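The block underneath contains the structure these notes are about, expressed in structure tokens.
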Amino acid sequence: AIGVDGEGIPDIVKRVKDIQKSDKVIVVCSAPLTTINDQKISLTDVILSLGKDPVNPDISMEIVYQTYSKILEMVNDDYKEECKKIIHDMLVLASKSLEDAKSIGKFEDETRAKSLAYSGEVLMSHVLNFVLKSNGIKSETISLDDWPIITDENIESTNFLFAKSNERIKKLEDLIKQNDVVTIGGFIGKTEDGIITTYERGGSDRTAAD
């Protein structure tokens with residue numbers, strides 16, 4: 001659980017350091033939270049609001065950028081520029097999906113899933129990886145291209161396919177052998193054909209179990 005503007009990350013780093021003394025670690029990331037009108041809100045809900053109501057005056061992509069800018073402060077100079085580029089590139093992709101939704105007049109299926117993946121859990125897994133590296137942890141993240149969570153084609157409330165996922169697990173296994181820690185975004189899956197899917201809310205816990 002990343003917390004508001006990454007406030008949970010110091011505890012995550014400490015916990016990971018403790019565990020990786022004796023074990024390999026896979027860290028499953030949730031999306032960060034932010035604060036709007038003194039209320040805690042997930043970036044997932046920010047993107048869902050933008051997809052459903054693009055002209056909402058209280059919600060904008062700037063909120064998402066601000067949250068990641070604050071988390072970026074936890075990345076040291078060795079990795080900051082690389083991390084900053086990934087944040088920029090993924091949020092551009094998320095914004096494009098939101099624009100696609102606006103142009104077709106509906107926010108659903110893979111358009112919705114891409115917006116959530118690129119702004120939330122998948123992006124956070126990359127950012128957390130750089131935070132862990134900045135703290136001297138031998139860490140790597142798994143990219144969407146090598147995603148090991150294979151699901152059925154229920155795009156917005158998907159189901160894990162155990163056998164099919166086992167067929168795609170080699171890259172994850174290699175990363176675990178080569179590193180002490182691997183980060184992966186929760187909530188997000190891919191079909192066999194590469195379509196991005198999402199679990200129901202609370203899907204990061206599902207990802208961890210799967």
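Amide H to amide H distances under 5 Å link T183 with V27, E140, T141, I142, where only residues 5 or more positions off or on other chains count and H is placed in the peptide plane. In sequence order, the stretch 94-110 has phi-based couplings of 4, 5, 5, 5, 5, 5, 4, 4, 5, 6, 8, x, 8, 10, 7, 6, 5 Hz under the Karplus curve 6.51 cos²θ - 1.76 cosθ + 1.60, θ = phi - 60°, and Gly or Pro positions carry x.
Give the accessible surface of the stretch 1-68 per residue, rounded to a whole number of Å², with probe radius 1.4 Å and ligands, DNA and RNA excluded. Provide the component values of the computation, followed by the final result.
On the way: 3640 Å² over 68 residues.
Result: 53 Å² per residue.
How many angstrom separate the Cα center of the stretch 76-96 from the Cα center of the stretch 140-210? Centre-to-centre (Cα) distance: 22 Å. With an a/c value of 1.5 or above and a/b larger than b/c for the gyration tensor axes a ≥ b ≥ c computed over the alpha-carbon atoms, the stretch 1-108 is described as prolate.
With contacts taken as Cα pairs under 8 Å at a separation of at least 6 residues, the stretch 37-155 carries a relative contact order of 28 percent.
Of K17/K190; K24/K85; K70/K170; K70/K171; K84/K138; K133/K177, which sit over 23 Å apart, Cα to Cα?
Working: K17/K190 30 Å; K24/K85 28 Å; K70/K170 34 Å; K70/K171 31 Å; K84/K138 20 Å; K133/K177 17 Å.
Exceeds cut-off: K17/K190; K24/K85; K70/K170; K70/K171.
Amide H to amide H, with H built 1.01 Å from N, N159 comes under 5 Å of D152, N154, counting only residues 5 or more places away or on other chains.
As a test of the formula, what do you get for the chain when each DSSP H run with n ≥ 4 contributes -39,500 (n - 2.57) and the sum is divided by the residue count, at 222 nm and rounded to the nearest 500 deg cm²/dmol?
Helices in the chain give a 222 nm mean residue ellipticity of -15500 deg cm²/dmol.
Placing +1 on each Lys and Arg Cβ and -1 on each Asp and Glu Cβ, with no other charges, gives the stretch 96-148 a dipole about its Cα centre of roughly 220 debye.
Taking all protein chains together and rolling a 1.4 Å probe, K138 ends up with roughly 120 Å² accessible. Between S42 and T34, the built amide H atoms are under 5 Å apart, and every one of these is 5 or more places off in sequence or on another chain. Listed values for the stretch 143-155 are Karplus-derived 3J(HN,Hα) couplings in whole Hz (6.51 cos²θ - 1.76 cosθ + 1.60, θ = phi - 60°), namely 7, 4, 4, 10, 4, x, 8, 9, 10, 7, 9, 7, 4, and x replaces Gly and Pro.
The values are calculated or read from the model by the stated rules, or taken from the named source; none is laboratory data. Since the model is a prediction, treat every value here as computed from it, not as a measurement. Cβ atoms come from the backbone with ideal geometry, glycine included; neighbour counts cover every protein chain shown. Side chains included, ligands, DNA and RNA excluded: accessible areas come from the protein's heavy atoms. Shrake-Rupley method; radii C 1.70, N 1.55, O 1.52, S 1.80 Å.
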